[in-house]
Amino acid sequence: MYKILYNKGMKVGVYCNRATKKFLSVRLALIEALRGAGIPFAEFAEVDAIGGVDVLVVLGGDGTILKVAIEAGRRGIRVLGINAGNLGFLTEFEGDQVQEAVRLLSGKYDTEQRSVLEVVVNGNSFYALNEAVFQRRYEPEADDNVVAVCAEIDGKKVDEFVGDGIIISTPTGSTAYSLSAGGSILTPGIAAFILTPVCAHSLHNRPIVYADSSLLRVRLSERRAGVALYCDGKPVGDLHYGDKILLKKADFGVEFIKNKDSNFFDRLLFKLNKWSK
């Protein structure tokens, strides 16, 4: 869903990984452009320090954006990505387009709301903009070295997935790990999640797209290898038989600033061609 916003009284935050020298020139160019446009800004070196701003400009690739997206979403801070990394599917501008990015902030712009996945494990919540991954881990005492994950949507059994695990992806994450595992590509605005098996031991297991208003419950088999949970690539912890696991749409999203002429399919084709080389 797009809407027009204006920059009256706007304060901008800047986040980048300063330990990576390749960000330095882009960061300096951005700061100079913000000062030239008279836009007040603050720099953040730690995710936990982000706050008190309306917009967060993130310098880096998709990995950098994933580090800050959840905290920005919680605080209602809009995100504008400038690609200074290797992959930039979530970024709106490339590293040599700093002036264009600041001009966009100085005028009016569109935004796009991206849904967030909430994973509740025994009452504790974890969040992901891209995906939650249930992935096997080696256990010497296990009968075999694959996992069996039973999935239920709105109380109805979907299937038992035996293999290396499953991926539950948002539309944003459908072009990430889920895509590599054979999942479908979802457009950003679609109200759905996708369940993608990872190296399933049955040819009948296929990716399943389901409404993001549904509740997904996951149960683990007691006689299989252990399972680890990852959210947006970060290890959350180990899961065990009997754990109560629920996945649902979070009550907040992440709002990305977009160009009015931004085209998801143009970016998709460009990035897929780039990644294929």
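Expressed as a whole percentage, what fraction of the accessible surface of the chain belongs to carbon and sulfur atoms when a 1.4 Å probe is rolled over the protein heavy atoms? Spell out each step's value before the answer.
Working: 6530 of 13260 Å².
Carbon with sulfur: 49 percent of the solvent-accessible area.
Using a 1.4 Å probe, what is the accessible area per residue for the chain, in Å²? Walk me through the intermediate numbers first.
On the way: 13260 Å² over 277 residues.
Result: 48 Å² of accessible area for each residue.
With +1 on each Lys and Arg Cβ and -1 on each Asp and Glu Cβ, and nothing else charged, work out how big the dipole of region 60-194 is about its Cα centre, in Debye to the nearest 20. Walk me through the numbers on the way to the answer.
Numbers: 11 positive and 19 negative charges, 130 e Å.
Rounded to the nearest 20 debye, it is 620 debye.
In this calculation the C-beta distance from ASN259 to ALA49 is compared with R0 = 30 Å, giving a FRET efficiency of 0.55. Within region 85-129, find all residues whose amide N lies under 13 Å from a label point positioned 7 Å from the Cα of LYS244 along Cα-to-beta-carbon. Zone members listed by number: 120-125.
Step through the table entries LYS108/LYS248; LYS11/LYS248; LYS156/LYS234; LYS11/LYS108; LYS248/LYS271, compare each Cα-Cα distance with 22 Å, and write down the pairs that go over it.
Details: LYS108/LYS248 33 Å; LYS11/LYS248 32 Å; LYS156/LYS234 29 Å; LYS11/LYS108 14 Å; LYS248/LYS271 29 Å.
Violating the 22 Å limit, Cα to Cα: LYS108/LYS248; LYS11/LYS248; LYS156/LYS234; LYS248/LYS271.
Think of each Lys and Arg Cβ as +1 and each Asp and Glu Cβ as -1; about the Cα centre, that makes the dipole of region 38-133 roughly 240 debye. Using the beta-carbon distance between LEU215 and PHE252 and R0 = 22 Å, what value does 1/(1 + (r/R0)^6) give for FRET efficiency, to the nearest 0.05? Rounded to the nearest 0.05, the efficiency is 0.80.
The values are calculated or read from the model by the stated rules, or taken from the named source; none is laboratory data. Predicted model only: the values in this text are computed from it and were never measured. All Cβ positions, glycine included, derive from the backbone under ideal geometry; neighbour counts span all protein chains shown. Accessible surface is based on the protein model in full, side chains and every heavy atom, while ligands, DNA and RNA are left aside. Shrake-Rupley method; radii C 1.70, N 1.55, O 1.52, S 1.80 Å.
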